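Each remark here refers to the structure printed beneath this line.
The values are calculated or read from the model by the stated rules, or taken from the named source; none is laboratory data. If you're wondering where the values come from, they're calculated on a predicted model, not measured in any experiment. All Cβ positions, glycine included, derive from the backbone under ideal geometry; neighbour counts span all protein chains shown. All accessible areas refer to the heavy atoms of the entire protein, side chains included, with ligands and DNA or RNA removed. Shrake-Rupley method; radii C 1.70, N 1.55, O 1.52, S 1.80 Å.
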Amino acid sequence: MNPTPWRLASVALLAGGISAQALAAPDRSAPRDTAKSEALTADAVNAATFTPPQSGKADAKTRRSKSRDAKNRAAKTDPLILKAQVLLDRARFYPGAIDGRKGENYQHALSAFAVAQGLPATTDLTQEVWDKLQATSDKPVMTDYTLTDADASGPYVDRIPPKMEEQAELKALSYTNPREMLAERFHMSRDLVSALNPGKPLDKAGTTIAVAAVDPMTLDKPKGKELPQDPKVERIEVDKGSRDVRAYGADDKLISYYPASIGSSEKPAPSGDTKVKGIAFDPDYTYNPKYAFKGVKAQHKFSIQAGPNNPVGLVWIDLAIPSYGIHGTPEPEKVGKTESHGCIRLTNWNVRDLAMHVARGAKVSFKDD
C-alpha cells in the first residue's frame with residue numbers, strides 16, 4: 001500500500017487482513033430471539049437499578065435455583081445489563097454491540113472500567129462499580145428517534161453475496177435494510193432493535209423508535225485538517241490475550257477501551273511495536289490472488305467497493321507493518337468472539353471513533369501476554 005495522508009483510495013491486504021468470517025455473507029435473517037424480550041421497554045431500561053445480592057448462607061437447593069436463574073438471565077435481554085452497557089459506551093469503555101446480555105465483551109469492558117476507577121477487576125456489577133457508572137451520566141440511557149426519508153429509502157442492497165468475487169460486482173457494499181443500519185448507528189445488536197420496537201415499521205419515515213442514547217455513528221468523511229480530534233490518542237495497545245484495544249493520550253491516560261478480534265493461531269497478529277501511517281475512511285478493498293484466501297478461486301486482482309459491508313468495514317487504519325491495519329467489519333456482533341487473519345478488527349463505530357482521535361505516528365504496541 002502507498003497511503004496518502006488521512007486518505008487511502010484503496011486498501012490492499014496481504015494474507016492477514018480480514019477474518020475468515022468476513023468472507024461469508026453476514027447474517028441478515030429475521031431476529032432470532034426477540035420473543036423472549038417482548039416485555040422489554042425503554043422505560044424499564046431507564047428505571048433499572050442495581051440491587052446487591054443478599055448476603056448469608058444458602059442451602060444447596062437455593063444455590064442451584066440461583067444458578068439456574070443466572071443462566072436464564074444471561075440468555076435474555078436484561079434491562080440492568082442493557083443500562084450498564086449504554087453507560088459503559090458513553091464512558092468510552094465500549095462493550096461491543098449493545099444487547100443487554102452478559103457476554104464476554106460486556107464483562108471485559110466492565111472489568112476495565114472498574115480498574116480504571118481504582119476498584120478491583122470484576123465481571124459482575126457491584127455496588128461500587130454501579131455507583132461509578134451512575135456518576136458518569138445522569139441522562140436516560142434510552143431515547144426516541146424518528147426515522148427520516150433517508151433512513152427509510154437508503155439506498156440499500158438486496159443482499160451481500162457470500163463470495164468475494166460476487167461482492168466485487170456490487171456498486172456499493174451498503175446496508176441491506178434499515179434495521180441493520182439503525183443497529184450500527186446506535187451501537188446495538190439487530191435483535192435488540194427489534195425487541196425494543198416490536199411491530200414498528202423500520203422502513204417508513206416518521207416511525208418513532210426506542211434506541212440507545214449514545215453518540216450516533218455517522219458516515220461522513222472528515223477532512224484531514226480536522227484530525228485528530230480531542231482527546232488525541234498518542235499510543236495504542238493491542239492485547240492479544242484479552243482481545244481488546246486500548247487508546248492512551250499524551251499523558252498516558254486511558255482514553256478508550258474497545259473489544260477486538262485479533263489474529264488467529266493460523267495467521268497470528270504481529271508482535272512488538274509499530275506506528276500508525278495513515279487512515280482511510282470508506283475504503284475500497286483490493287484482493288490479490290497471492291493472498292490465497294480459502295474459498296476465493298479468482299486468479300486475478302479485483303476490487304470490492306466501499307461501504308459498511310465491505311470486508312474491512314468503514315475505516316482502515318494503516319500500520320507501518322506491511323499489510324497490517326486496524327479496521328472495521330461487516331459483522332459487528334462477532335467482534336471479540338471470532339478470530340481474524342492477522343489484523344485488528346473493531347466494530348465500525350469503534351474504528352471510526354479511534355480514527356477520529358488517533359494521531360499519525362502514534363505508537364502501536366502488541367501485547368502477547
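Enter the Cα centre distance for the pair the range 121-195 and the range 292-316, rounded to the nearest angstrom. That distance is 23 Å. In terms of packing, defined here as the mean over residues of other Cβ atoms within 10 angstrom, the peptides 113-121, 303-311 line up highest first as 303-311, 113-121. If R0 equals 35 Å, the separation of the Cβ atoms of GLN134 and ASP203 corresponds to a calculated FRET efficiency of about 0.45. The packing ranking, built from the mean of other Cβ atoms within 10 Å per residue, places the peptides 254-263, 43-52 in the order 254-263, 43-52, highest first. Over 28 Å between C-alpha atoms is what I'm after, so list which of LYS139/LYS223; LYS76/LYS334; LYS221/LYS367; LYS139/LYS200; LYS240/LYS334; LYS297/LYS367 land there. Those over the limit are LYS139/LYS223; LYS221/LYS367; LYS297/LYS367.
Report the FRET efficiency, 1/(1 + (r/R0)^6), for THR143 and ALA172, where r is their Cβ-Cβ distance and R0 is 22 Å, rounded to 0.05. Intermediate values should be presented prior to the final figure.
Numbers: r = 30 Å, r/R0 = 1.34.
Efficiency, from the Cβ-Cβ distance: 0.15.
For the range 315-366, with all protein chains present and a 1.4 Å probe, just round the carbon and sulfur fraction of the accessible area to a whole percent. The computed percentage sits at 51. The gain in end-to-end length when the PHE50 to LYS253 segment is fully stretched comes to 70.2 nm, 0.36 nm per residue minus the alpha carbon separation.
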